[in-house]
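K.L.:
Structure in structure tokens, see below.
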Amino acid sequence: MTVHAPSRPAASRDGDRPPGRPPLILVLPALAGLAFLVLPLAGLLVRAPWSTLGTRLVRPEVLDALRLSLLTATIATVLCVLFGVPLAWTLARVRFPGVRLVRALVTVPLVLPPVVGGVALLLAAGRRGIVGGPLESAFGITLPFTTAGVVLAQAFVAMPFLVISVEGALRAADLRYEEAAATLGASRWTTFRRVTLPLVAPGVAAGAVLCWARALGEFGATITFAGNFPGETQTMPLAVYLALETDPQAAIVLSLVLLAVSVVVLAALRNRWTGAS
């Protein structure tokens, strides 16, 4: 007598979703949460001055803020990649005492209020700061309330996004490729450059995009450490804050630009977050 194992039900077209109608006790709060997130964005779109959008976007103060934001966010992202990728590799591949503490310190800017981060930067890199004082006295370099200060503030709040993304990619990478390179005589630097970095390139790219978007939208640390000087330290978020008091329509236009950037970032990272092919 042959005993057949029970056949497995065929997978539905919706993947692993459970069959049946979802309970209202879950659907209603879900709809309320969705409305809570979407309605403010809808209000921004409804109240936007579409008829004068083009003329407002080409105003000198808007173009200056946009140019400065794109420039500083890009420079901050480059700095984060240069320093963040080696830091992520160290956290993922090197075992040393206090690695958990270092990882926690790296993620502190994620939960630290941005204004507090700006105050901390002032105490560290200000004219009387731990690092800023010797820099000014020895080399005449002043960071607070300058464009370089904007870059420093943006990099401070954005680097954890890159480090977390790259460290996750490193931990998910197959170590057998690195071990094979080591057995063939490759040094640690050669293995990192020719094997590890290509393996984690998607993670580096995703982290860099998130880092750039976070730097572009930084407000609290920037206004505290670099100030709000048009053409020098006034980025897009600061311009929105200033325009909201004098010209709300201009604030809406600037907000739409930042919203468009956010949508582009989400579209670029949709495969990483949703698992779509």
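The values are calculated or read from the model by the stated rules, or taken from the named source; none is laboratory data. This one's a predicted model, so the numbers in the text were calculated from it and none came from an experiment. Glycine gets a Cβ as well: all are built from the backbone with ideal geometry, and neighbour counts include every protein chain shown. For accessibility, only protein heavy atoms count, side chains too; no ligands or nucleic acids. Shrake-Rupley method; radii C 1.70, N 1.55, O 1.52, S 1.80 Å.
K.L.:
Considering only residues that are in contact (Cβ under 8 Å) with a residue 60 or more places away in the chain and not in a helix (DSSP H, G or I), look in segment 21-64 and name the one that is surrounded by the most Cβ atoms within 10 Å (Cβ to Cβ).
P.N.:
Only one residue tops the list, namely 48.
K.L.:
While we're looking at this one, here's another question. Of the residues that make up segment 150-163, is at least one within 14 Å of residue 66 (Cα to Cα) and either open to solvent by less than 40 Å² (accessible area, probe 1.4 Å) or in a helix (DSSP H, G or I) (or both)? Break it down stepwise before answering.
P.N.:
Within segment 150-163, the subset within 14 Å of residue 66 (Cα to Cα) is 150.
Those still in the list that are either open to solvent by less than 40 Å² (accessible area, probe 1.4 Å) or in a helix (DSSP H, G or I) (or both) too: 150.
Checked against the condition, which is being within 14 Å of residue 66 (Cα to Cα) and either open to solvent by less than 40 Å² (accessible area, probe 1.4 Å) or in a helix (DSSP H, G or I) (or both), segment 150-163 yields at least one hit.
K.L.:
Next question, about the same structure. Under 9 Å by Cβ, and 6 or more places apart or on different chains, what pairs join a residue from segment 247-259 that is under 16 Å from residue 51 (Cβ atoms) and in contact (Cβ under 8 Å) with a residue 24 or more places away in the chain with one that is of a type in the set (Ser, Thr, Tyr) and open to solvent by 30 Å² or more (accessible area, probe 1.4 Å)?
P.N.:
249/52; 253/52
K.L.:
Now for a different question. For residue 267, all conditions in the list (1) in contact with a helix residue (DSSP H, G or I) (Cβ under 6 Å, 6 or more places away or on another chain); (2) assigned to a helix (DSSP H, G or I); (3) surrounded by fewer than 15 Cβ atoms within 10 Å (Cβ to Cβ) hold save one; what is the number of the exception?
P.N.:
Going through (1) in contact with a helix residue (DSSP H, G or I) (Cβ under 6 Å, 6 or more places away or on another chain); (2) assigned to a helix (DSSP H, G or I); (3) surrounded by fewer than 15 Cβ atoms within 10 Å (Cβ to Cβ) one by one, residue 267 breaks only (1).
K.L.:
Would you mind stating whether residue 139 is over 21 Å from residue 268 (Cα atoms), open to solvent by 30 Å² or more (accessible area, probe 1.4 Å) and modelled with pLDDT of 90 or more?
P.N.:
Values: over 21 Å from residue 268 (Cα atoms): yes; open to solvent by 30 Å² or more (accessible area, probe 1.4 Å): yes; modelled with pLDDT of 90 or more: no.
Against the criterion (over 21 Å from residue 268 (Cα atoms), open to solvent by 30 Å² or more (accessible area, probe 1.4 Å) and modelled with pLDDT of 90 or more), residue 139 does not qualify.
K.L.:
So residue 146 clears everything in (1) buried (at least 24 other Cβ atoms within 10 Å of the Cβ); (2) under 16 Å from residue 224 (Cβ atoms) except one condition, right? Which one?
P.N.:
That leaves (1) as the condition not met.
K.L.:
Please verify whether residue 129 is touching a helix residue (DSSP H, G or I) at 6+ places or on another chain (Cβ under 9 Å), open to solvent by less than 40 Å² (accessible area, probe 1.4 Å), part of a loop (DSSP other than H, G, I, E, B) and not β-branched (Val, Ile, Thr), treating the condition exactly as stated. Give the steps one after another, and end with the answer.
P.N.:
Numbers: touching a helix residue (DSSP H, G or I) at 6+ places or on another chain (Cβ under 9 Å): yes; open to solvent by less than 40 Å² (accessible area, probe 1.4 Å): yes; part of a loop (DSSP other than H, G, I, E, B): yes; not β-branched (Val, Ile, Thr): yes.
Against the criterion (touching a helix residue (DSSP H, G or I) at 6+ places or on another chain (Cβ under 9 Å), open to solvent by less than 40 Å² (accessible area, probe 1.4 Å), part of a loop (DSSP other than H, G, I, E, B) and not β-branched (Val, Ile, Thr)), residue 129 qualifies.
Every residue, every condition in (1) free of Cβ contacts under 8 Å to residues at least 12 places away in the same chain; (2) in a helix (DSSP H, G or I); (3) hydroxyl-bearing (Ser, Thr, Tyr), yes or no:
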| residue | (1), (2), (3) |
| --- | --- |
| 66 | no, yes, no |
| 104 | yes, yes, no |
| 124 | yes, yes, no |
| 134 | yes, yes, no |
| 138 | yes, yes, no |
| 142 | no, no, yes |
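K.L.:
Contact list please: Cβ distance under 7 Å, first residue in segment 165-180 and in contact (Cβ under 8 Å) with a residue 40 or more places away in the chain and among the polar types (S, T, N, Q), second residue open to solvent by 30 Å² or more (accessible area, probe 1.4 Å) and assigned to a helix (DSSP H, G or I), pairs at least six apart or on different chains.
P.N.:
165/210
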